[in-house]
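The values are calculated or read from the model by the stated rules, or taken from the named source; none is laboratory data. Keep in mind it's a predicted model, so treat the numbers as computed, not measured. Because the Cβ atoms are built from the backbone with ideal geometry, glycine has one as well, and the counts that use them run over all protein chains shown. For accessibility, only protein heavy atoms count, side chains too; no ligands or nucleic acids. Shrake-Rupley method; radii C 1.70, N 1.55, O 1.52, S 1.80 Å.
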Amino acid sequence: TALEDLITAQHLYEKLNVTYWANDNLNNLAASYRRFGDPETAIKYQMKLEQTYLTSGMLFEADNVNVQIAFSLEELGRLQESTERFYKSLKFWQSQKETNAVASTKVNIAGNLIKQGQVDKALTLLKEAEPHIPVEYDGQHSFLSLFFAEAYFTKNDLDNALEHSKKASIDFKRGGNRRGESKNLRLQSQIYYAKGDIENAYKSLTAFLEMHLSLD
């Protein structure tokens, strides 16, 4: 439904020649395609939009699209390209001296590094970011906690992994992020299983399956 509304809005903005809002809406449209499970279509819009912003000297908007491109590349499995995009964003926010944005970008980079097997490097970035991402920022804090859980699980530090997974669950539920909580529940079931707690592993895996089917 959101996708249909955004497409309608795009046609209207372009018809009215309202360039700023047409570009802003196009960014939302691309993000919706990515969340809808079509990162290939999303990235086509995003690459075009990024060039438009760069040509216009709109650096903040261009960085926002750069991050969206990084997420699309991540979903396409092009992790190295995605990580390079995140590092580009990190350099931008460091130049702007925006502490929270720097911390959030480090969390994004850490998520990719874990997938690439660079767990210690990821943990360093997460620990650097943690003081600058308060729990009130549940969107950022949820993924900070999730990536901590993934990293500690990879290192077989199961107690720490479970503690951070539970924190992530609180954040995801508070923020209404079912996609994030779905990933977290899958991880949580693996942690419980590794600890030999089969009953809770079963409960988490069942909850994951129910949510996954609902999202599908």
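What order do you get for 108-115, 149-156 when each peptide is scored by the mean count of other beta carbon atoms within 10 Å, highest first?
Result, highest mean first: 108-115, 149-156.
For region 114-159, what's the radius of gyration and Dmax over Cα atoms, in angstrom?
10.6, 30
Counting Lys and Arg as +1 and Asp and Glu as -1, each charge on the Cβ, what is the dipole of the chain about the Cα centre in debye, to the nearest 20?
240 debye
Whole number in Å², please: accessible area per residue of the chain, 1.4 Å probe, ligands, DNA and RNA not counted.
So the chain comes to 55 Å² accessible per residue, rounded to a whole number.
Near Lys48, within a Cβ-to-Cβ distance under 15 Å, what is the net charge of the other residues, with Lys and Arg +1 and Asp and Glu -1?
Computed value for this residue: -3.
Please report the carbon-and-sulfur percent of the accessible area for region 135-216; probe 1.4 Å, protein heavy atoms only, DNA, RNA and ligands left out.
Carbon-and-sulfur percentage of accessible area, whole number: 52.
Would you mind checking Lys48/Lys173; Lys48/Lys91; Lys15/Lys173; Lys88/Lys173; Lys15/Lys48; Lys91/Lys195 for any pair whose Cα atoms are more than 29 angstrom apart?
Long pairs (Cα-Cα over 29 Å): Lys48/Lys173; Lys15/Lys173; Lys88/Lys173; Lys91/Lys195.
When the Kirkwood hydrodynamic radius is evaluated over all pairs of different C-alpha atoms of the chain, what value in angstrom, to one decimal, is obtained?
Across the chain, the inverse of the average 1/r is 18.4 Å.
What is the angle, in °, between the Cα long axis of helix 198-215 and the longest principal axis of the Cα atoms in the chain? Nearest 10 is fine, range 0 to 90.
Compared with the principal axis, the helix lies near 20 degrees.
For the chain, what does the helix formula give at 222 nm: sum of -39500 (n - 2.57) over DSSP H segments with n ≥ 4, over the residue count, nearest 500 deg cm²/dmol?
Per the formula, -28000 deg cm²/dmol.
Among Val107, Tyr137, Leu29, whose Cα lies farthest out toward the positive end of the dipole of the chain, if unit charges sit on the beta carbon of Lys, Arg (+1) and Asp, Glu (-1)?
Looking along the dipole axis, the top candidate is Val107.
For Tyr193 and Asp24, what is the calculated FRET efficiency with R₀ set at 35 Å and r taken between the beta-carbons, to the nearest 0.05?
Approximately 0.20, to the nearest 0.05.
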